[in-house]
Amino acid sequence: MALNPDQIDAAFHGELRRHYSEEEIVELGAFIGFNIGYHTFFGTLKFYPMFSPDGRLVSQEESARIYGGAPASLEKGKGKRGK
Amino acid sequence: MTFVKPLLPEEIRDPELQELIRRCEALGVPDALFPRVLARAPGHAKALLRALLHSHVEGAVDHRLKEIIRVRLARTAGDPYFAGLRSARARQAGLDESTIEAGAGSFENDPRFTTAEKWALRYAREMYLNPEKVDAAFYAEGKTHYSEAQIMELGAFIAFHYGMQAFARTLAPGPHNA
């Protein structure tokens, strides 16, 4: 959905239905879409987890060093969207 | 035809979900199709439709500007469903198709848009195409035009609608996945 939405075609949905109910497919799709939208937005806001992986409360500067990285464009990766 | 069959109207019996779908149809964004697909997961449908409506219609940012941004995002997402919908409320408030086209296209030198509106349109354009440009300087410029509450409203609106458009694109066959 995020990188190669063209691949989510009738055959893909046919396979999905072998594993999940239609309710579950809608739930999964909406959840994924929600995350596609929000994670890039959050990335631009430059905030990071309050705790390190070992559970220490860390400053945002330290957390940026631990978890940091610029938000990536879907257009510039392998993904194909829009236009 | 959608890959996930929408429920028939008579199959949707939850009064709250029925009312949300009625509100969607009145606004025109979304029409009844997307809500009826979401209704396969009724708990999710109610939360998502409430958020779609609230983020688009409520708040301190002009609904007409949000409508232009929404169409622009749908085109970026490659989603013909949401790109083809129009808000009746925005139309009644004076938004015409020419202005939508201008906002979804090369708006930078278009006198129809204020400096603040151009910043908001850039926000929507860069968020998913060049997110590295949405940096501290970009937000600092935004704060000269909008309150922090308005910027959060805009950012959340952009993120949520783009996410639902990315999902909607995968629900129906089109030139991309026929």
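Against the condition facing chain A (nearest Cβ under 10 Å) and of a type in the set (A, V, I, L, M), how does B:A149 come out, does it pass?
Details: facing chain A (nearest Cβ under 10 Å): no; of a type in the set (A, V, I, L, M): yes.
No; evaluated as a whole, the condition is false for this residue.
State yes or no: is B:Y128 more than 12 Å from the chain's Cα centre (by Cα), facing chain A (nearest Cβ under 8 Å), crowded, with 16+ Cβ neighbours inside 10 Å and among the hydroxyl-bearing types (S, T, Y)? Steps first, please.
Working: more than 12 Å from the chain's Cα centre (by Cα): yes; facing chain A (nearest Cβ under 8 Å): yes; crowded, with 16+ Cβ neighbours inside 10 Å: yes; among the hydroxyl-bearing types (S, T, Y): yes.
So B:Y128 passes the test.
Among the numbered conditions (1) assigned by TED's automatic domain parsing to the domain that holds B:A88; (2) more than 28 Å from B:P173 (Cβ to Cβ), tell me where B:E16 comes up short.
Among (1) assigned by TED's automatic domain parsing to the domain that holds B:A88; (2) more than 28 Å from B:P173 (Cβ to Cβ), B:E16 violates only (1).
So which of A:L16, A:L3 is under 30 Å from B:L7 (Cα atoms), more than 7 Å from every other protein chain (Cβ to nearest Cβ) and surrounded by 14 or more Cβ atoms within 10 Å (Cβ to Cβ)?
Values: A:L3 fails: surrounded by 14 or more Cβ atoms within 10 Å (Cβ to Cβ).
Criteria check complete, one pass: A:L16.
Please tell me if B:E141 is more than 21 Å from the chain's Cα centre (by Cα), not hydrophobic (A, V, I, L, M, F, W, C) and not assigned by TED's automatic domain parsing to the domain that holds B:V37. Don't jump to the end; show me each part of the working.
Working: more than 21 Å from the chain's Cα centre (by Cα): yes; not hydrophobic (A, V, I, L, M, F, W, C): yes; not assigned by TED's automatic domain parsing to the domain that holds B:V37: yes.
Taking the combined requirement at face value, the residue satisfies it.
Considering each residue of segment B:102-125, count those that are among the acidic types (D, E) and loosely packed, with under 13 Cβ neighbours inside 10 Å, and give that number. Talk me through it step by step, then tell me what you get.
As a first pass, look at segment B:102-125 and keep what is among the acidic types (D, E): B:108, B:110, B:117.
After this cut, where a residue has to be loosely packed, with under 13 Cβ neighbours inside 10 Å as well, the list is B:108.
Counting residues in segment B:102-125 that are among the acidic types (D, E) and loosely packed, with under 13 Cβ neighbours inside 10 Å gives 1.
Taking A:T40 as meeting all but one of (1) at pLDDT below 95; (2) of a type in the set (S, T, N, Q); (3) surrounded by fewer than 17 Cβ atoms within 10 Å (Cβ to Cβ); (4) under 22 Å from B:L48 (Cβ atoms), write down the number of the exception.
(3)
Could you give me the residue pairs with C-beta distances under 9 Å whose first residue belongs to segment A:33-56 and is within 8 Å of chain B (Cβ to nearest Cβ) and of a type in the set (D, E, K, R), whose second residue is surrounded by fewer than 18 Cβ atoms within 10 Å (Cβ to Cβ) and not in a helix (DSSP H, G or I) wherever it lies, and which are 6+ apart or on separate chains?
Once the first residue is within 8 Å of chain B (Cβ to nearest Cβ) and of a type in the set (D, E, K, R) and sits in segment A:33-56, its partners that are surrounded by fewer than 18 Cβ atoms within 10 Å (Cβ to Cβ) and not in a helix (DSSP H, G or I) give A:K46/A:G68; A:K46/B:D135.
Return yes when B:E153 is in a helix (DSSP H, G or I) and more than 21 Å from the chain's Cα centre (by Cα) and no when it is not.
Details: in a helix (DSSP H, G or I): yes; more than 21 Å from the chain's Cα centre (by Cα): no.
No.
The values are calculated or read from the model by the stated rules, or taken from the named source; none is laboratory data. Treat the numbers as computed from the prediction; the structure is a model and nothing was measured. With ideal geometry, Cβ positions are generated from the backbone for all residues, glycine too; neighbour counts draw on all protein chains shown.
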